[in-house]
1. Within the stretch A:162-202, can you find the residues that are more than 30 Å from A:CYS465 (Cβ to Cβ) and open to solvent by 70 Å² or more (accessible area, probe 1.4 Å)?
2. Of A:LEU497, A:LEU460, which residue is at pLDDT below 75, hydrophobic (A, V, I, L, M, F, W, C) and either under 21 Å from A:THR300 (Cα atoms) or assigned to a helix (DSSP H, G or I) (or both)?
3. Considering only the stretch A:90-101, how many residues are near DNA strand B (Cβ under 7 Å from one of its atoms) and either of a type in the set (D, E, K, R) or open to solvent by 90 Å² or more (accessible area, probe 1.4 Å) (or both)?
4. What single numbered condition from (1) at pLDDT 95 or above; (2) farther than 30 Å from A:SER459 by Cβ fails to hold for A:GLN326?
5. Scanning the stretch A:174-194 for residues that are touching a strand residue (DSSP E or B) at 6+ places or on another chain (Cβ under 6 Å) and not in a loop (DSSP other than H, G, I, E, B), which turns out nearest to A:GLN308 (Cα to Cα)?
6. Does the stretch A:72-89 hold any residues that are within 13 Å of DNA strand B (Cβ to nearest atom) and either aromatic (Phe, Trp, Tyr) or open to solvent by 20 Å² or more (accessible area, probe 1.4 Å) (or both), and which are they?
7. Tell me which of these A:ASN104 doesn't satisfy, since it passes every other one: (1) more than 21 Å from the chain's Cα centre (by Cα); (2) in contact (Cβ under 8 Å) with a residue 12 or more places away in the chain; (3) within 12 Å of DNA strand B (Cβ to nearest atom); (4) open to solvent by 70 Å² or more (accessible area, probe 1.4 Å).
8. Where residues in the stretch A:107-160 are within 11 Å of DNA strand B (Cβ to nearest atom) and of a type in the set (Ser, Thr, Tyr), which of them is surrounded by the fewest Cβ atoms within 10 Å (Cβ to Cβ)?
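The values are calculated or read from the model by the stated rules, or taken from the named source; none is laboratory data. As the structure is a prediction and not an experimental result, all values here were calculated from the model. Please note: Cβ atoms are built from the backbone with ideal geometry, for glycine as well, and neighbour counts cover all protein chains shown. Quick note on the areas: whole protein, heavy atoms, side chains included, nothing else; ligands and nucleic acids left out. Shrake-Rupley method; radii C 1.70, N 1.55, O 1.52, S 1.80 Å.
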Amino acid sequence: MSDLENELRRHFGYRSFRPYQKEVVESVLAESDTIAFLPTGMGKSLCYQLPAKLMTGLTIVVSPLVSLMEDQVIQLRSKGEKNAAHLSSLLSNEERRFVLKHLNRWSLLFVSPEMLSQQWLVKKLAARKVSLFVVDEAHCISQWGHEFRTDYLRLADVRKSLGQPVCLALTATATQEVEEDIVSKMHMVRPERFRAPVNRGNIFLQVHTCENEYEKQREFVKYLQGFAQPAICYAGTRQDAEDYAHLAAKTGGLRTAYYHGGVSKEDRIMIQQQFLNDELDMICATNAFGMGIDKSDIRTIIHLYLPQSVEQYLQETGRAGRDGGQSAAKMIVAGDDVRLSLRMLQRDLPDSRIIASIFPGGLYHRPFWNETAELAGLEDIYHRMLHFYLEQAGALKEGKWDYTVQTEEIKERLLERFRRRRFEKERQYKKMQEFLNKDTCIRALIRDYFNEEPESQLSLCCNVCHPNSQVDAKMNAGSFQTDSAPVNGSGSWRNMLQTILRQSEET
DNA sequence: CGGCATCACTATAGAGTGATGCCGGTGCACTATT
């Protein structure tokens, strides 16, 4: 047994590594920047938890969701780990001060990219030796960083300020392009790369196109007859998530709930836990649901909208069948859905009219950025995105326009950047639209997209190869063993709920 | 893009018509001088 395996046993009680874990840990310990693509449920977190134990300095883990951070810390603490903490708005001021005051105590610290964008915090952290800088769910850099959460694009600077510690990027799914995006945005140097295949042979893929919404509902109801549970049903809008949850409850007699960004935090936690505890047959949700969901026996993923990219489709369908059991991904879309997704991804970026109006010479331009943004009626996301890019380009300094720089040139560059980005998003979306062609094997499309080798013949590939098949409830009954990996103890959600209740009492 | 809510207008007193405008997923953080 090697040293590393001894350490694994000593610290975590496992006898052996899962695929890729050892290689990733070794790479990190050898101080190489590392990027790893591991399906969720393959023990990604061990890839930094073990190095955190073995390295002398602090390990910082950048995580996209505060609830994930909190959950992780609670889990670690429940296993007796005292050196993990997180820093987020979920903490009270007092708790935050405590975490900062005792920085030397932690070996693992979870933070959001937004937190790390605060200079004072980085300064504080820099006072300690940071050995490892982890970006969990690293596809967020590429998927969200450009528009929605630009603080992801500051992480390379943060890392630099912390003395350029080794960087480890972890994600489940990424194309070559996203991979390169992560490498470049994080300023990784000749990173080691580890990639588990994205293809999941146990998921039967189906796409059904409809003429209209009415037909879509009919197909949905029809599909509910005898489909395998539990299921996640992804809808394109919050309204749809609610409506289809009711429809499934009414016509299929299912225990359903809906989940989206407009649902209160308490309800979201409760719904998620009911789902994990098999008290729900189906969750109808927007894409708000899914990240960090550790449930291995999800049998069916239904899509009622067209995802914006093949990666997104794979992220979502990949939540099914992690236990290896036969599962299904069924997409039911109508023409309107195709237009809706397109419109949404186009709206992620401000159009040239808006850009022109805020620059010097534009109708809404004012010396102060905030005033400019308010006058132009910029919504929050545009406000912060443009602020980021303008500051980066040197057009804004401390919230004020700098007229000594060539703003006209900056404007042109910005417009060009957005044009290219929009083109890229539309290109990704077009790839997704190819799934609607009724004569191409869906798995072959995915395989080509990710440059993977064909696998051996599957008995249930997709509805092009195997029309008229359906994965039903009977198929899995007792036919396989569930994953023996440790899953969330039921104690953890009670803890989380308590934490939240405590907070609402405090405020 | 397309579905909707709102509003002005019409023709006659409550409701119908058409024009216009807006919205549609995702989340973090909103504190500091000791």
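1. A:GLN164, A:GLU180, A:HIS187, A:VAL189, A:ARG190, A:GLU192, A:ARG193 - these are the residues of the stretch A:162-202 that are more than 30 Å from A:CYS465 (Cβ to Cβ) and open to solvent by 70 Å² or more (accessible area, probe 1.4 Å).
2. Values: A:LEU460 fails: at pLDDT below 75.
So the residue among A:LEU497, A:LEU460 that is at pLDDT below 75, hydrophobic (A, V, I, L, M, F, W, C) and either under 21 Å from A:THR300 (Cα atoms) or assigned to a helix (DSSP H, G or I) (or both) is A:LEU497.
3. From the stretch A:90-101, those near DNA strand B (Cβ under 7 Å from one of its atoms) are A:90, A:93, A:96-97, A:100; that's our starting set.
Next, from what is left, pick out any that are either of a type in the set (D, E, K, R) or open to solvent by 90 Å² or more (accessible area, probe 1.4 Å) (or both): A:93, A:96-97.
Adding up the residues that qualify gives 3.
4. (2)
5. Once the filter is applied, the top-ranked residue is A:ILE182.
6. A:GLN72, A:SER89
7. For A:ASN104, the failing item is (3).
8. The qualifying residue surrounded by the fewest Cβ atoms within 10 Å (Cβ to Cβ) is A:SER117.
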